[in-house]
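The structure appears right after this line, and notes come after that.
Every number in this text was worked out from the coordinates using simple rules, so none of it is lab data. Values in this document were obtained by computation on a predicted structure and should not be read as measured data. Every residue, glycine as well, gets a Cβ built from its backbone with ideal geometry; the counts of neighbours run over all protein chains shown.
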Amino acid sequence: MLRQKMHWLLLCQRRSYPRCPCLTLEATSAKREQWILEFLQEEKFLVKSELYRRLQDLEKEKTDTKTLDRCLNKLLQGGHCKLIVVYVPVLTNCNHSCKIQVVLHPSVSSVSAEHIHERF
């Protein structure tokens, strides 16, 4: 019994994560949101898959798509961006269409399908 308690204490002392991990998570989340806003300032609209690739290039570690969804939801609720869904026909099979999510700067009201198709 005493040996188990000592082992547990040793494991608790070897923690590799900080005591307040929420602070670092908020900082990295804010940094991602800032990058997204900078991308939108430059280009006014981005295909979501392209945005994900750009964030992957900037991050040291791999970012999950759910993380990007959370950041975008936070920006959408704040009114900092818009999200539209566009259906584009698949090149190999014209009967099917591919769903593409496009992130827009709030000043942009609409984007033509040609512009989106050029990016995709």
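Simple point charges give the picture: +1 on the Cβ of Lys and Arg, -1 on the Cβ of Asp and Glu, and for segment 44-120 a dipole about the Cα centre of about 200 debye.
Annotation: Cα Rg of segment 45-120 relative to the compact-globule expectation 2.2 N^0.38 Å equals 1.19. When the Cα positions of L75, L104, I116 are compared along the charge dipole of segment 44-120, L75 comes out farthest toward the positive end, with charges on each C-beta of Lys, Arg, Asp and Glu.
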